[in-house]
1. Inside segment 135-173, can you point out the residues that are among the polar types (S, T, N, Q) and touching a strand residue (DSSP E or B) at 6+ places or on another chain (Cβ under 7 Å)?
2. What residue, among those in segment 187-222 that are closer than 22 Å to GLY292 by Cβ and basic (Lys, Arg), is surrounded by the fewest Cβ atoms within 10 Å (Cβ to Cβ)?
3. Quick check, is VAL289 in contact with a Phe, Trp or Tyr (Cβ under 7 Å, 6 or more places away or on another chain), assigned to a helix (DSSP H, G or I), buried (at least 16 other Cβ atoms within 10 Å of the Cβ) and touching a residue at least 12 places away in the same chain (Cβ under 8 Å)?
4. Could you please tell me which pairs satisfy a Cβ distance under 7 Å, a separation of 6+ or placement on different chains, a first residue in segment 35-47 that is under 23 Å from VAL128 (Cα atoms), and a second residue that is open to solvent by less than 10 Å² (accessible area, probe 1.4 Å) and assigned to a loop (DSSP other than H, G, I, E, B)?
5. Being in contact with a helix residue (DSSP H, G or I) (Cβ under 8 Å, 6 or more places away or on another chain) and open to solvent by 10 Å² or more (accessible area, probe 1.4 Å) is the requirement here; does MET251 meet it?
6. Any idea which of SER73, SER77, SER57, SER37 is polar (S, T, N, Q), touching a His at 6+ places or on another chain (Cβ under 7 Å) and either closer than 30 Å to ARG147 by Cα or at pLDDT 85 or above (or both)?
7. Can you find, within segment 68-81, the residue that is least open to solvent (accessible area, probe 1.4 Å) among those that are out of contact with any strand residue (DSSP E or B) (no Cβ under 9 Å at 6 or more places or on another chain) and hydrophobic (A, V, I, L, M, F, W, C)?
8. Does ALA138 satisfy the criteria of being at pLDDT below 85 and over 24 Å from GLN51 (Cα atoms)?
Amino acid sequence: MRWNPIPYAIPGAAVGTALEPIELPDWAWERAEVRQSLRARDIGAVFRHAQQYAGASQARIATATGMTQARVSEIMSGRREVSRLDVYERIADGLHMPDDARHLLGLAAGRERRTGGAAFDLAAFPEVVRVYAAQNSAAEEIQQQAREAAELDVLAVRGLGLIGLNDSLLRACLPREQGGKGLRVRVALLDPDSEALVRRAAEIGESAESLAGGVRLAEARLRELAEVGDVGVWRYRMLPTWRLIRTDSTMFVGAFDAGWEGHESALYKVMETPHGPLYRGFRRMFEAVIDGAERTI
């Protein structure tokens, strides 16, 4: 089928008027399929995402982007494509795209800053799609990603709050019976017999015996799950620096320091991109930790 570019403003559209933008949830802009549609400038797919995640009708999309409903329908069906920069700008404004989404579409940052995201401009860093103040504020997002993932990697110290206890962040997302969804889980915990654990315990004002006991408890609880799913646990012996949760092509990265425990750290949501170094670097680091660690489960 022949593509028909849009070389002009749409007749009858409310161009230049104040239109109420469509509000997609912040997490919708971070989904892999949405980001791929933006990179490909597949506006038909972007409009379908607006329908899926914001419940917007074709008429609502038309109003927000300064088009006619017929034109929106043509774009969504593939009979037309968008080619003009000013039309892309209208679409970005009408869907209230955050700066990182605009960047993927090839546009400059917007005039207004969205709330609830980073405290600085992330448009030049499309891998970092959101910054959370701490793990607690990202909990729902992490669980949603884990439930849909085929692979789950965790780099922690003792891991009780992440994966070891019944009410921990990720426990409910793990396989519970044979023949489940086939989730592969790899967990790296700090060796309870290492000098690094003694140092870490001193940093957080806890006894080495208590911290080591927490690691061993987490291992014991994960061993229960290893009987029904693909669960592996490793002990590493280096002083912990990064705290990592990877769900397929998305990572949530925090840090350990003498001043705080991992769950208190700011948390960066990092997504895989074709040329970005962060996701690749952190994944390479995790693989190196696993390679140099002792597998216990």
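The values are calculated or read from the model by the stated rules, or taken from the named source; none is laboratory data. Please read all numbers here as calculations on a predicted model, not as lab measurements. In this analysis, Cβ positions are derived from the backbone assuming ideal geometry, glycine residues included, and neighbour counts consider all displayed protein chains. For accessibility, only protein heavy atoms count, side chains too; no ligands or nucleic acids. Shrake-Rupley method; radii C 1.70, N 1.55, O 1.52, S 1.80 Å.
1. GLN135, GLN145, listed by residue number.
2. ARG199
3. Judged against the criteria, VAL289 is a match.
4. LEU38/LEU105; ARG41/LEU105
5. no
6. When all the criteria are applied, what remains is SER37.
7. That would be VAL72.
8. For ALA138, the condition - at pLDDT below 85 and over 24 Å from GLN51 (Cα atoms) - is not met.
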